[in-house]
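S.K.: Sharing a structure with you now.
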Amino acid sequence: MVDEKTVNCEHVWRKISDYLEGEVDAALRASMEQHFSTCKRCASVLAGTRNVIQLYGDERMMEVPAGYSQRLENWLDQQLKEPRLKSASGKMPAWMPSAREPRWSSWSAWLMPVAAMALFVGALAIVDQLTFHEPPKSKLAEPGHNIPPDMLVVVSGGSKLFHVAGCSFIHDKATERTITAKEAIQDGYTPCPRCMRKYLTTGVIGALDEDEANPGGAEEASTTRR
Amino acid sequence: MNTSIDNSEQAGGARERELILSVQNGQQELFYELVRPYERRVYAAAMAILRNEQDAEDAAQEAMLKAFANIRQFRAEARFSTWLIQITVNESLMRRRRERTVVMERMDDRREGEESEYTPRDFADWREIPSEALERKEVRERLAAALGTLDRKYREVFVMRDMEHLNIQETAEALGITVASVKTRLLRARLMLRDLLAAGWEQGWFSRLPFEKGSKPW
């Protein structure tokens with residue numbers, strides 16, 4: 001299907017990993033080998049990729065912290081002695097339902113966690129009723145409600161604010177990402193009080209819908225107010 | 001000479017099967033002997049996902065315990081090492097989900113598909129880094145650091161396939177992604193690492209190493 005003349009460098013790069021996995025058919029393999037023998041750059045890519053696989057695949061690359069092995073052994077030793085992992089027969093932990101020997105005890109093993117879970121969920125519901133009921137917020141109190149949901153904004157690692165692209169208050173520019181305002185708000189980001197200020201000066205509620213239809217509207221509104 | 005390797009592997013495999021059966025039948029004191037050959041791989045798998053020594057060690061310990069608790073479900077058709085690594089990956093992914101990194105993760109994934117093709121950098125020649133160089137801690141650290149700069153999705157696939165030696169299918173299953181994604185990410189990871197190491201050469205990362213003696217044409 002692929003003959004020698006059609007195998008160009010891009011094609012070879014795309015297939016180089018499959019080639020090393022032995023996952024290319026004989027015809028492609030032959031034409032790739034032909035290509036490697038004439039193209040220095042691709043031969044260097046092949047040699048390098050092979051070298052990478054060989055180096056990282058080496059057991060010596062598996063570094064573990066000092067004392068890891070000993071700690072693991074001690075920990076397993078201690079855990080395996082604990083009664084929760086020992087059943088009477090010493091075969092199966094009692095809390096695991098056994099497929100081979102269904103007995104009524106596996107029933108009771110089920111029942112306890114289920115009952116405990118029911119109690120826990122019930123308790124949560126009560127606590128929730130008692131404590132976590134905040135009065136409903138006005139739409140104006142939600143951060144960024146004025147911002148057009150499709151507007152592209154910038155977020156970055158280490159900060160929970162989102163910004164207009166180019167804002168000088170973006171922390172850690174290396175981790176910048178552009179997403180829509182809607183996604184940013186969903187992900188728990190709040191608008192930057194500097195670059196997003198015009199969307200934050202909450203004036204009239206009526207302006208809200210106009211702004212959404214016309215993102216430029218907010219700009220005008222804030223200018224007029226000033 | 002190949003046969004001798006096969007024989008010794010078979011012998012190891014037979015011993016392993018014996019150990020598995022014994023542990024399944026209640027000889028829990030043999031469990032550590034069973035998992036000891038894989039303890040480093042288990043840690044490395046957890047580390048690839050959690051990126052923190054303490055978290056990785058906790059996850060490794062917990063994964064071992066889960067393997068023990070579920071050892072009866074292990075079927076002889078599977079490779080024990082693969083089974084163990086998969087339990088470790090699950091444990092580590094679960095722990096990461098619990099952390100507050102979820103937001104960043106989702107954005108990472110969103111960029112999927114926007115990938116443009118990767119063009120390997122043009123270096124005239126590949127200067128082979130021999131395996132012996134791995135005896136040196138600084139070389140191992142350089143390699144680990146280069147791997148650490150890859151995006152999570154590339155790094156994880158690379159570690160599972162090329163360091164843990166899972167096959168493509170097993171890597172896909174362990175990480176919960178498609179075989180096609182494994183292949184694309186693996187290609188990308190390998191090419192990027194090759195470029196990083198070559199760039200390292202240029203910056204003299206590997207200079208003054210004994211294996212460089214005698215080769216001078218640059």
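S.K.: Being at pLDDT 90 or above and over 30 Å from A:A66 (Cβ atoms): is that true of B:S4 here? If you could, list the steps in order and put the result at the bottom.
M.R.: Values: at pLDDT 90 or above: no; over 30 Å from A:A66 (Cβ atoms): yes.
The answer is no for B:S4.
S.K.: Still on this structure, please answer the following. Answer yes if at least one residue in region B:49-65 is closer than 21 Å to A:W75 by Cβ and part of a loop (DSSP other than H, G, I, E, B), and no otherwise. Spell out the reasoning first.
M.R.: Our first condition is that a residue be closer than 21 Å to A:W75 by Cβ; within region B:49-65, this holds for B:49-50, B:52-65.
Checking the rest, the ones that are also part of a loop (DSSP other than H, G, I, E, B) come to B:52.
The answer is yes; a qualifying residue exists.
S.K.: Related question: Anything in region B:72-89 that is open to solvent by 10 Å² or more (accessible area, probe 1.4 Å) and either at pLDDT 95 or above or among the hydrophobic types (A, V, I, L, M, F, W, C) (or both)? List them, or say none.
M.R.: B:F74, B:A76, B:A78, B:W83, B:I87
S.K.: So, in region A:22-67, exactly how many residues are at the interface with another protein chain (Cβ under 7 Å from one of its Cβ atoms) and within 30 Å of B:A46 (Cβ to Cβ)?
M.R.: Counting residues in region A:22-67 that are at the interface with another protein chain (Cβ under 7 Å from one of its Cβ atoms) and within 30 Å of B:A46 (Cβ to Cβ) gives 16.
S.K.: Mind checking which residues of region B:114-145 are more than 7 Å from every other protein chain (Cβ to nearest Cβ), in contact (Cβ under 8 Å) with a residue 40 or more places away in the chain and not in a helix (DSSP H, G or I)?
M.R.: B:E115, B:Y118, B:R121, B:R127, B:P130, B:R136
S.K.: Considering A:Q34, A:Q70, A:Q54, which residue is free of Cβ contacts under 8 Å to residues at least 60 places away in the same chain and closer than 30 Å to B:L30 by Cα? Outline the logic, then answer.
M.R.: On the way: A:Q34 fails: closer than 30 Å to B:L30 by Cα; A:Q54 fails: closer than 30 Å to B:L30 by Cα.
The match here is A:Q70.
S.K.: In addition: Please specify each residue of region B:162-204 satisfying the condition of being of a type outside the set (A, V, I, L, M), under 18 Å from the mean Cα position of the chain (by Cα) and part of a helix (DSSP H, G or I).
M.R.: Scanning region B:162-204 gives B:D162, B:Q169, B:E170, B:T171, B:E173, B:S181, B:K183, B:T184, B:R185, B:R188, B:R190, B:R194.
S.K.: From the list A:E23, A:E59, which residue is within 18 Å of B:L191 (Cα to Cα) and either aromatic (F, W, Y) or open to solvent by 40 Å² or more (accessible area, probe 1.4 Å) (or both)?
M.R.: On the way: A:E59 fails: within 18 Å of B:L191 (Cα to Cα).
Answer to the check: A:E23.
S.K.: Applying the selection to region B:146-189, what residues are open to solvent by 60 Å² or more (accessible area, probe 1.4 Å) and of a type in the set (A, V, I, L, M)?
M.R.: Within region B:146-189, B:A180 is the sole residue that qualifies.
S.K.: Now for a separate question. Can you name the number of the only condition in (1) more than 18 Å from B:L166 (Cβ to Cβ); (2) open to solvent by 30 Å² or more (accessible area, probe 1.4 Å); (3) within 7 Å of chain A (Cβ to nearest Cβ) that B:Q61 fails?
M.R.: Result: B:Q61 fails condition (2) only.
S.K.: OK, next. Run B:Y43 past the list (1) touching a Ser or Thr at 6+ places or on another chain (Cβ under 6 Å); (2) facing chain A (nearest Cβ under 9 Å) and report the number of the one that doesn't hold.
M.R.: With respect to (1) touching a Ser or Thr at 6+ places or on another chain (Cβ under 6 Å); (2) facing chain A (nearest Cβ under 9 Å), B:Y43 is out only on (1).
The values are calculated or read from the model by the stated rules, or taken from the named source; none is laboratory data. Note that the structure is a prediction, hence the values are computed from the model and not measured. Cβ atoms come from the backbone with ideal geometry, glycine included; neighbour counts cover every protein chain shown. These area figures cover heavy atoms from the full protein model, side chains too; ligands, DNA and RNA do not enter into them. Shrake-Rupley method; radii C 1.70, N 1.55, O 1.52, S 1.80 Å.
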